[in-house]
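Peer 1: Pasting a structure here, questions to come.
Readers should treat all values here as calculations from the given coordinates under stated rules, not as data from a laboratory. Because the structure is predicted, anything quoted here is derived from the model rather than measured. Reconstructed Cβ throughout: ideal geometry from the backbone, glycine too, with neighbour counts over all protein chains shown.
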């Protein structure tokens, strides 16, 4: 299906230079000369690469109907993440190159949306946040009262993130899996 | 659409108003006369690249269309003809069909100032002085990490060659330009020179502007983008510049076209283009042409988006941060 670039919105999948991309950001832009434009940031579902593309708002863009299906994350190896569709029990693999670091924050058994096109898995929709247990955290140095100070902590998936000094082993922290940023601690 | 209250922006909003105060302080010190103007007008300057808001005056059976002004130019130039001298308007302007975004709002604060017996480069000097003034007065933790001692000046011709690999010959010849654009991967079928030109400008030129440690002044646009600017003696370019800080366009300046015949021709062309694009069919401001016939003194003027300017000086990435009440989609 073709639509005018002026109607693109975040989340749409498009065909651009024979590859499938997801729109991460779409902003209308009227430069005060010539035509109105659509400034977009698009993400290549295969390579995980982000690029900025400016379309004329009247330019036709091919929209791709990509399905997002809830699946269980089984395990990963050096090349792929493996998922199972709980309805059909079919297994799918998503290459690590398509998830750009997301795998560091995924727990086995977790349910995630996998993007599927023509029954081929393309990538994984990053959850807004993940909750992970801290398995290793150094004691904060006494007397260090700078509120913005941070220390490295190791999470149950093996990922190391920077967290506030008050975080202890056994705490459940909330992390943005796209940036690896600590965003909070789960209340006890 | 909804009304949104962003009360946590109150401090930012006060800083925004402080910047407005500094701008006015500067301009008045420099001898510019402040003018307040209507925002509703029965006729407008036809501009094909923007859309306007239409409303209606009613009195018993009387009905008359009125339009919110997308810029104060039509009023200020009448006053320049009367002999007001260097002057400015700082207030609301309206542009329809611009959905709210980090850099756009359909209702925004515009600063437009005119200097008589001056051309666009005289405005450039005055403007740089104004930026320095703002930077000195805005609290130091907001101060720009950019050197305001000089402009990085680049002509449109130089910029296309440097950043887009498009040479002068290709830039001005519509056919060669579209050929080159197609080779670069742009869709050109069904699109005009102006449309493809602005797409390449925004994709390949703009991201570099105002990023080399100085604010950038990009000047001498092809005559297709002359709008109300005077042409250069080369006949191919207009005396227009825009200025950028950190890739963001902040203002648009012309040496003003005083030739009423040429202005009338451009108006008719723009009006035709508006009709072709299905835009709101507002009356052309004939009084404006009439005023030009009396004689516009040699002058140059600039329009600046004040929210954008304040956003850059205050270190925000969106104009939303300056608003306590916002109308959102």
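Peer 1: Within a 10 angstrom radius of each residue's Cβ in B:93-105, how many Cβ atoms of other chains show up on average? Whole number is fine.
Peer 2: Taking all residues of B:93-105 together, the mean is 3.
Peer 1: A further question on this structure: At a threshold of 8 angstrom on Cα-Cα distance, excluding pairs fewer than six apart, so keeping six or more, what relative contact order does the stretch B:121-272 reach in percent?
Peer 2: Dividing the mean separation by the residue count of the stretch B:121-272 yields 19 percent.
Peer 1: Of all DSSP beta bridges located in the protein assembly as shown, what percent are antiparallel, nearest 5?
Peer 2: 95 percent
Peer 1: Cβ neighbours within 10 Å, averaged per peptide: list B:209-218, A:42-51 in order, most packed at the top.
Peer 2: Going from most to least packed, we get B:209-218, A:42-51.
Peer 1: If you restrict to DSSP beta bridges whose two residues both lie in chain B, what percentage is antiparallel, to the nearest 5?
Peer 2: 85 percent
Peer 1: For the residue pair residue B:65 and residue B:276, what label-to-label distance in nm results when each label sits 7 Å from Cα along the Cα-to-beta-carbon direction?
Peer 2: If labels sit at residue B:65 and residue B:276, their model points lie 2.0 nm apart.
Peer 1: Calculate the length of the line joining the C-alpha centroid of the stretch A:166-188 to that of the stretch B:1-20, in whole Å.
Peer 2: Each part reduced to its Cα centre gives a spacing of 32 Å.
Peer 1: Taking all pairs of different Cα atoms in the stretch B:118-237, averaging 1/r and flipping that mean, what Kirkwood radius in angstroms comes out?
Peer 2: 16.2 Å
Peer 1: How far apart, in nm, are two points set 7 Å out from the Cα along the Cα-to-Cβ line at residue A:47 and at residue B:96?
Peer 2: In this crude spin-label approximation the distance works out to 4.3 nm.
Peer 1: Give the residues of the stretch B:1-22 whose amide nitrogen is closer than 11 Å to a point set 7 Å from the Cα of residue B:29 in the direction of its Cβ.
Peer 2: Correct set: B:22.
Peer 1: Still on this structure: Per the Kirkwood definition applied to all pairs of different Cα atoms, how many angstroms is the hydrodynamic radius of the protein assembly as shown?
Peer 2: 26.3 Å
Peer 1: Let me ask you something else. By count of other Cβ within 10 Å, fewest leading, how are B:121, B:1, A:162 ordered?
Peer 2: Least to most surrounded, the residues fall as B:1, A:162, B:121.
Peer 1: If you average the sequence gap of Cα pairs under 8 Å that are 6 or more apart and divide by the length of chain A, what percent do you get for the contact order?
Peer 2: 14 percent
Peer 1: Can you grab the distance from the C-alpha centre of the stretch B:169-185 to the C-alpha centre of the stretch B:251-329, Å, no decimals?
Peer 2: So the two Cα centres are separated by 28 Å.
Peer 1: Starting from the Kirkwood radius over alpha-carbon pairs of chain B, derive D by Stokes-Einstein at 25 °C in a medium of 0.890 mPa s and give it in µm² s⁻¹.
Peer 2: My calculation gives 117 µm²/s for D.
Peer 1: Would you list B:61, B:259 from fewest to most Cβ contacts within 10 Å?
Peer 2: Going from least to most buried by this count: B:61, B:259.
Peer 1: Relative contact order (percent) for chain B, with alpha-carbon contacts under 8 angstrom and 6 or more residues of separation?
Peer 2: Relative contact order here is 27 percent.
Peer 1: Per residue of B:197-210, how many C-beta atoms from partner chains lie within 10 Å of its own C-beta, taken as a mean?
Peer 2: The shielding value for this peptide is 4.
Peer 1: Sort B:296, A:8 so that the residue with the fewest other Cβ atoms within 10 Å of its own Cβ comes first and the one with the most comes last.
Peer 2: Sorted ascending by nearby Cβ count, the order is B:296, A:8.
Peer 1: May I ask you to derive the FRET efficiency for residue A:131 and residue A:19 from their Cβ-Cβ distance with R0 = 41 Å, giving the value to the nearest 0.05?
Peer 2: Computed FRET efficiency for residue A:131 and residue A:19 comes out at 0.75.
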